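Enquirer: Here it is: the structure, laid out below.
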Amino acid sequence: MTGWPRFTGLRVRLAAAFTAVALLASVLASGISYVLMRRVMLQRAQDAVLTDVRNTLARQVPVEMPPDTEPLVGAALEKALGSAQGRKAVAVPVPLRRGESALPPPGALDAPVTREFARRAVYGGEVVFQRINAHGRPYLLVGARITGYRTTQNEPWRTTPPLVFVSASLGREAADLRLLTRALLIADAAALVVALGLALLATRGVLRPVRRLGTAARALGDGRLEARVHVRGRDELADLARTFNRTAEALERTVTELSAMEAASRRFVADVSHELRTPLTSMIAMTDLLAEEAGPAEGGTAARLVADETRRLGLLVEHLIEISRFDAGAAALVLDDVNVADAVNASLEARRWQDDVEVEGPADLFVRLDPRRFDVIVANLAGNALKHGGPPVSLAFGPPEPEGAGGVRVVVADRGPGLADDVIDVVFDRFVKAEAARSRSEGSGLGLSIARENALLHGGTLTAANGPEGGAVFTLWLPDGEEE
């Protein structure tokens with residue numbers, strides 16, 4: 001099959017497998033790259049924010065913090081930490097009682113602060129952080145406080161540095177990740193296209209020798225035994241091509257030898273048949289003469305038996321000569337416009353069967369066919385029914401069905417025991433005699449085979465079956481011959 005391969009073809013399956021592997025590798029590499037890049041980008045942004053928070057706390061909060069300076073320190077921290085783009089900061093007093101939470105005012109930050117996160121910011125250490133999504137955008141939430149400070153007086157309420165919450169937008173990093181994702185998708189699509197192209201090129205190179213082998217195999221199947229495959233390379237396909245060529249050479253030698261032997265056998269049969277025709281003709285004449293001269297005496301009976309068997313031998317020789325013509329391809333049609341009714345009646349009258357066969361058919365049916373070969377077919381079918389079937393024997397002819405098919409249809413039926421099931425399929429083979437299904441068998445075993453060969457030579461058909469009321473039924477169809 002040429003052109004675009006079928007979806008079940010080997011080329012499609014190989015290309016699909018190659019492309020799937022390439023796409024899987026590309027997607028896997030892209031996924032790993034995306035995960036690593038995302039981790040690096042978010043870690044870098046997170047480290048930058050945390051470092052800035054720590055440095056700002058170290059600069060803005062003094063080591064010794066006088067009383068009543070907490071609001072000033074908180075304002076300075078909010079200004080310093082909230083000045084960067086995408087950040088907001090708020091300072092909250094540290095609760096004096098354990099268990100209390102320090103939550104910033106609502107709306108002070110872009111990201112909401114939960115009680116758990118505030119508790120961690122108060123009691124969890126110097127700096128705590130968390131990445132969250134708020135309003136569909138990513139943020140880094142940081143909570144920080146100064147530890148290890150000193151006050152200048154021993155007031156019981158001690159002034160402490162405020163707790164600072166910072167919300168930093170990660171929108172830039174998210175945009176960069178979207179650009180990275182788009183670039184990776186484009187790269188995967190390009191890799192898919194390239195992989196598909198390479199797969200088609202690779203499969204084309206792999207399957208070209210397979211297609212050549214298929215073409216050569218089909219040529220062998222069509223009878224061109226000289227077909228060979230051009231061998232290239234030293235891979236497994238090249239070894240397969242060499243094996244195919246050796247097999248084809250051996251097959252060609254074997255077929256040539258068998259053809260020569262078959263031709264010699266056919267020539268031998270034809271030559272022997274031709275050589276036997278002349279002495280058999282003389283023997284038939286002499287045995288008939290001896291039978292007439294001997295009369296009803298015992299010697300006359302023997303002479304008549306010899307004459308009958310000699311005539312059967314002569315018939316067998318004639319059949320062998322006819323078969324040899326078909327085998328040699330020398331049989332040819334001599335077409336003429338024939339009145340089927342006249343031809344059937346003439347064939348039966350020539351053999352004195354007109355009283356034994358019931359004929360039915362139109363008197364004005366003309367068909368272009370070979371009259372001599374039609375006579376042979378009718379004689380073989382009627383003679384076979386008379387010799388091996390039971391009366392009455394009927395012969396019906398007429399136009400074939402459906403109308404417009406052209407030609408003639410002839411049906412010969414008898415009321416004998418019919419054909420055995422194992423004989424119907426081989427009844428037209430040479431030297432087949434259905435003794436088990438017939439009362440007796442005296443023919444050569446070639447009559448029906450010759451009849452079918454003549455039908456096929458006309459381009460027609462000849463079939464055998466058993467009738468619904470018993471007996472064998474032979475159906476012949478011959479088309480109208482072409483005008484010369």
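The values are calculated or read from the model by the stated rules, or taken from the named source; none is laboratory data. Source: prediction; values computed, not measured. FYI the Cβ positions are ideal-geometry reconstructions off the backbone, even for glycines, and counts take in every protein chain you see. Side chains are part of the model used for accessible areas, which takes the heavy atoms of the whole protein and leaves out ligands, DNA and RNA. Shrake-Rupley method; radii C 1.70, N 1.55, O 1.52, S 1.80 Å.
Enquirer: What ratio of Cα Rg to 2.2 N^0.38 Å holds for the range 336-478?
Expert: Working: Rg = 14.2 Å, N = 143, 2.2 N^0.38 = 14.5 Å.
In units of the 2.2 N^0.38 Å rule of thumb, it is 0.98.
Enquirer: If you roll a 1.4 Å probe over the heavy atoms of the protein chains, what accessible area per residue do you get for the range 336-478, in Å²?
Expert: 48
Enquirer: For the range 347-403, run through the GluC sites (Glu not before Pro) and keep only the ones in DSSP coil with at most 13 other Cβ atoms within 10 Å of their Cβ.
Expert: Details: sites: E349, E358, E360, E403; in loops: E403.
Here the sparse-neighbourhood loop sites are E403.
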